[in-house]
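Accompanying notes for the structure given below.
Every read-out reported here was derived from the displayed coordinates using simple, explicitly stated rules and does not represent laboratory data. Nothing here was measured: the structure is a model prediction, and the numbers come from that model. Cβ coordinates were reconstructed from backbone atoms using ideal geometry, including for glycine residues, and neighbour counts include every protein chain displayed.
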């Protein structure tokens, strides 16, 4: 089992992908809209992935709601963007209840089709003038509200047997560029970053997994984005934020990064990431990523095993009652 997560091309495994999964042995697989069809077909895909890997491997998805929702109508509910919860709540407690309920319902959807990891909550706190790549994916502009609403969502997922992945550590909210397309550079001081950007992650540092930001913070390390920076990972993520869970990269195929795919994987692992992520399903890129990812061992293996503890238990849940409460509250706030 190697320290990487890969994507797939379509709604069913082909022979080449089956062979790749058997030989490369990724820790897990991440799904996107191109992989999603009717529930029965999706259930078959997740079962086939695990059959090819020969184990109960984690299967991930980005199911946030709003703009980032891989499972959607007509087979699944259209969930609201994270920013809606702060506006919909009559008070802070109700907003947190709605964030929890939304995530608990997402977990219910995901577990029914064999998905057990959700790349949620987004704990970035957007600032004035930032690129809209985060925007309403964030719970609030107030880092304290981001922390509490994000915590509620994470707990909703875990109650449903789905492991959360907080993103994009140590903070993407100031970025003035979309890291899918180019490398963002943030020039805020360490004190500014500590007070706003890092705060939601520090408040949730006990969560099981986090995804790194492809962002350069010039006052910490002007030479490399967080994903590839020993300084950012060591001093900030593992140090100041005190996150000791499984740290995975954001997608290595994003244009914020340069160099060959094996080199990207090796640099991320060398900087301190536990796991590398490659999403687009292109095996010509995924193969060198796999070659650059080590066998999962030591602290990284222990973190990976601990991260999945919550998927083994599902708390009692009345989906119909929860749906009624959630929809009534969100409709009233519309």
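Figures for the structure shown
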item	result
Considering only segment 2-333, percent of DSSP beta bridges that pair antiparallel, nearest 5	15 percent
Which of 201, 32 has the fewest Cβ neighbours within 10 Å, and the rest in rising order	32, 201
Fraction in percent of alpha-carbon pairs per bin - 5 Å, segment 114-253	2, 12, 22, 26, 21, 12, 4, 1, 0
FRET E, pair residue 78, residue 309, Förster distance 25 Å, beta-carbon r, rounded to 0.05	0.20
Normalised alpha carbon radius of gyration of segment 141-199 [divisor 2.2 N^0.38 Å]	1.32
Pairs of Cα atoms farther than 28 Å apart, segment 51-196, %	21 percent
Mean shadow area of segment 1-133 over all directions, Cα convex hull, nm²	9.4 nm²
Spin-label proximity, residue 19 to segment 285-322 - amide N less than 19 Å from point 7 Å beyond Cα toward beta carbon	285-291
Euclidean distance between Cα centres, segment 165-197 to segment 1-17, Å	30 Å
Taking 139, 79 and counting other C-beta atoms within 10 Å, the order from fewest to most	79, 139
Ranked 299, 9, 167, criterion: other C-beta atoms within 10 Å, fewest first	299, 9, 167
Inverse of mean 1/r across different Cα pairs in segment 2-333, Kirkwood, Å	19.7 Å
Two-decimal Rg to Rh for segment 21-95 - Kirkwood Rh, Cα set	1.13
Difference of contour (0.36 nm per residue) and Cα-Cα distance, residue 195 to residue 144	17.4 nm
Gained length - residue 244 relative to residue 323, 0.36 nm times residue gap less alpha-carbon distance	25.0 nm
